[in-house]
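Have a look at the structure below, then the notes.
The values are calculated or read from the model by the stated rules, or taken from the named source; none is laboratory data. This is a predicted model, so every value here is computed, not measured. All Cβ positions, even for glycine, are placed from backbone atoms using ideal geometry, and neighbour counts span all protein chains on display.
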Amino acid sequence: MDIQAYLSDKKREIDGWLSECIPEPEGLSRRLFDAMRYSLLGGGKRLRPILLLSTAELLSNGDGRLIRDFACAIECIHTYSLIHDDLPAMDDDDIRRGHPTCHKKFSEDIAILAGDALLTLAFELMSRPTAPENAAPQMRALHEVAVRAGCLGMVGGQTADVLSENCDSSEEVVRFIHSRKTAALISAPIVAGAVLAGASNSDLETLSIFGQRIGLAFQIIDDLLEIEGDARTLGKSVGSDTKNNKVTYPGVVGRGRARLDAQKSVEEALGYLAPFGQRADALHGIAKFFIDRVN
Ligand code: IPE
Ligand code: IPE
Ligand code: MG
Ligand code: MG
C-alpha cells in the first residue's frame, strides 16, 4: 500500500469536511470564528481523523455521517490542545503548522477562547441527533473520546508535563506524561472508530492497546524531532523542550534508546493487528509512518 498517497487522499477529504464544520460568524464575536478557522484549517497532518476512518474501514461498518462528525470532532479537540499548548503560560511557542501561533496572530484572550470554542464544538458535533439505532454506539464513542481528552487523558498529561518542568525525571514519569498528553488522543479516534463500526469487546480492547502503543511512539519521535529535526519541515519551533526544561523521552533514556523504544512500541502495536490480516493494511502503514516521519 502507498501510505503517502493514502494519507494525502484522506487528508484532502477531511480538510473538505473541516472547512464546513465551523458555524457562520456572527456579530461581535466574529473574531472568535476567524481564530477558530485560522487554527483548524491552516495545516496539520489530520492523523487522528485518518485513524478514525481507517479503523472504521477495517471493520467495514458504521454510519457515514456519525463517522464524519467524530472525525471532525477529534481534529477540533486536537487543534484546541495545540492552541492552548502554545500559549505563553504553557510552552510559549510562536510557530505552529508553519504559521504564527493563534495567540501571536490574534491575541492571548482570543486564542484561549478559540480553544474553548473548538473543544465545545467537538462535543456539539459528536452529540448531533442521529437515528435511534445509532444512539447507543454514538453515546459510547462520545464517552470514550471524553475520557481520553480530559483529566485522565490529554489534559492530565499536559498537567504532568508542565509540573515536571525543571525536575529530575525517570522513565516512569515520562511514560506517564506521554501516554496521557499524546497517546490518549491517538487512541481516542481508534476506539471511537471501532465503537461506531460495531466492534466486539475483544477487538475494541486490541485496537485500544494498538493505539496506546503507536501513540507513545509518536510522542517519542516528536521529542527526537525537536532535537534532530528542521523547523521549516516541522512547521514549529525546534528547541522548545530545551528552552522550557521539559521532561522528554530522549532526555531520560538518551537518543539511541529513545528511537529503539519507539520502534519497539510500534512493533508491539503491529502484533495487535495480526488478527485483522490485510484489512489492517492502512493502520499498519500509519503505524510505520509514525516512526519514519520527518514532520
Ligand atoms: C503535534 O501533533 C502534537 C503532538 C501530540 C506531538 P501532530 O504532529 O499530529 O500535529 P499536526 O496536527 O500535524 O499539526
Ligand atoms: C504535545 O505536546 C501534546 C499536546 C499538545 C496535547 P508538545 O508540547 O510536546 O508538542 P509540540 O511539540 O508543541 O507539538
Ligand atoms: Mg507541550
Ligand atoms: Mg508544545
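Only residues that are without any contact (Cβ under 8 Å) to a residue 60 or more places away in the chain and closer than 17 Å to residue 52 by Cα were counted in the stretch 5-29, giving 10.
The single condition among (1) in contact with a Leu (Cβ under 8 Å, 6 or more places away or on another chain); (2) within 22 Å of residue 253 (Cβ to Cβ); (3) within 12 Å of ligand 1 (Cβ to nearest atom) that residue 175 does not meet is (3).
Let's see how each residue does on (1) not in a helix (DSSP H, G or I); (2) not basic (Lys, Arg):
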| residue | (1), (2) |
| --- | --- |
| 37 | no, no |
| 61 | yes, yes |
| 73 | no, yes |
| 83 | no, yes |
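Looking across the stretch 149-204, the residues that are over 18 Å from the mean Cα position of the chain (by Cα), more than 16 Å from ligand 3 (Cβ to nearest atom), assigned to a loop (DSSP other than H, G, I, E, B) and among the small types (Gly, Ala, Ser) come down to 170, 197, 198, 199, 200. Condition (residue is within 16 Å of ligand 4 (Cβ to nearest atom), free of Cβ contacts under 8 Å to residues at least 60 places away in the same chain and within 25 Å of residue 218 (Cα to Cα)) applied to the stretch 135-151: is it met by at least one residue? Within the stretch 135-151, not a single residue is within 16 Å of ligand 4 (Cβ to nearest atom), free of Cβ contacts under 8 Å to residues at least 60 places away in the same chain and within 25 Å of residue 218 (Cα to Cα).
Kindly indicate whether any position in the stretch 242-250 is within 24 Å of residue 267 (Cα to Cα), modelled with pLDDT of 95 or more, more than 20 Å from the chain's Cα centre (by Cα) and away from ligand 1 (no atom under 12 Å from the Cβ). Looking through the stretch 242-250, at least one residue is within 24 Å of residue 267 (Cα to Cα), modelled with pLDDT of 95 or more, more than 20 Å from the chain's Cα centre (by Cα) and away from ligand 1 (no atom under 12 Å from the Cβ). Only residues that are crowded, with 22+ Cβ neighbours inside 10 Å and closer than 21 Å to residue 289 by Cα were counted in the stretch 54-78, giving 8. If the condition is being in contact with a Gly (Cβ under 8 Å, 6 or more places away or on another chain) and more than 20 Å from residue 110 (Cα to Cα), then the stretch 8-56 contributes 51, 52, 53, 54, 55, 56.
Restricting the stretch 156-177 to residues that are surrounded by 15 or more Cβ atoms within 10 Å (Cβ to Cβ) and free of Cβ contacts under 8 Å to residues at least 40 places away in the same chain, the residue that is nearest to residue 220 (Cα to Cα) is 176.
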